[in-house]
Every structure is written in C-alpha cells, then in structure tokens.
Amino acid sequence: MREPILMLYNGTIHTLNPAQPHAQAMAIRGERIVAIGTYGQVLAASVGAPREVLDLRGRTVLPGLTDSHAHITWYGLQLQQVQLAGVRSLAAALDLVAARASQLPPDAWIEGGGWNQSEWPDCPELPPRDARSG
C-alpha cells in the first residue's frame, strides 16, 4: 500500500515560488510535497491515494525554517571581546590586547578568546596571566 497523503486546505500557504507565492491547499506524502495549489488541484493530484485531510481554518503555513541555534546574547558579548582567532603568537595576541586597553579606562576588564596557543611557537602552553607585550 502506498504511503498516505496528508492534505492541508483552507489556509494561506507561502510557497517561496515567485510564480505562485501563495496557495490554498497542498498534499504531502512522507517528507515530500506532491501537490500545491487550489483545493481542487490538490484533490485531483491525490485521487486514489489514502489520505488524511486537515482543515487549516485560515491558518498560515510557512516553508521549513532551520533554527541556526544562535545564542544571541553570548554572540553579542563575544563581539565586544578581543578576537584572537587566527593569531599566530603570544606577542601578536598581547599587541591586540594592548590596543584594546589603550581605548579603555585603566580599571576596565578586557576579555578575549578564540586563540590556539598550540600554534604559537613562543608559548606552547596556556599564556600566563601576567604576560606582557614587549
């Protein structure tokens, strides 16, 4: 037996197709849309197939949206930090920190991250907290 069709109708379906931006009905088999258009068009496309019918009662259907899963607060805070990704030495990292420090009051905290000290020939381990630029 063929997989049943889910038929949605009586709604506003956004297609993202410029030639047909909206539809009133659609038929879905498994994970695929098999028909979209008016109720009659979708019904005709699914003739003979077992189906479940769902009245949307005017509701809206949007295309699948993928959650990028951004932690927006964390991202915003990170943008305020000294960006050390790709820095190739402790001295270069300290220069970036010193440049940021020159823009801040003397008692301000400076945060940074993203470095990979295993790529620093002058500092094979984590940098010490009291490291100073030359």
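Read-outs throughout are calculated quantities, based only on the coordinates presented, and are distinct from any laboratory measurement. Keep in mind it's a predicted model, so treat the numbers as computed, not measured. No Cβ is skipped: glycine too gets one built from the backbone with ideal geometry, and neighbour counts run over all protein chains shown.
Each Cα pair under 8 Å and six or more residues apart adds its sequence gap; the mean of these over the residue count of region 88-134 is a relative contact order of 52 percent. Of the trypsin sites (Lys or Arg not before Pro) found in region 5-73, the ones in coil according to DSSP and having at most 16 other Cβ atoms within 10 Å of their Cβ are ARG57, ARG59. The modelled label-to-label distance for the pair GLU52/GLN78, using points 7 Å beyond Cα in the direction of Cβ, is 3.9 nm.
The C-alpha atoms of region 5-58 occupy a region whose extents along the principal axes are 30, 21, 20 Å, arranged from largest to smallest.
Can you run the Rg to Rh ratio on the chain? Use alpha carbon positions and the Kirkwood inverse-distance Rh. Each step should come with its number before you reach the end.
On the way: Rg = 28.6 Å, Rh = 20.1 Å.
Ratio of gyration radius to Kirkwood radius for the chain: 1.42.
Take every pair of alpha-carbon atoms less than 8 Å apart whose residues are at least six positions apart; their mean separation over the length of region 5-58 yields a relative contact order of 42 percent. Computed over the chain, the per-residue total of -39500 (n - 2.57) for DSSP H runs of n ≥ 4 gives a 222 nm mean residue ellipticity of -5500 deg cm²/dmol, rounded to 500. The phi-based Karplus calculation (6.51 cos²θ - 1.76 cosθ + 1.60; θ = phi - 60°) puts the 3J(HN,Hα) values of region 97-106 at 5, 5, 4, 5, 4, 5, 9, 10, x, x Hz, whole numbers, x for Gly and Pro. Using a Gaussian network model of the chain in which every pair of alpha carbons under 10 angstrom is joined by a spring, one finds that among GLN24, GLN103, GLN83 the greatest mean-square fluctuation is at GLN103.
Note on region 72-119: percent of Cα-Cα distances in each 5 Å bin, starting at 0 and stopping at the bin with the largest distance, equals 5, 21, 27, 22, 17, 7, 1. As a length-normalised measure over Cα pairs under 8 Å and 6 or more apart, the relative contact order of the chain settles at 20 percent.
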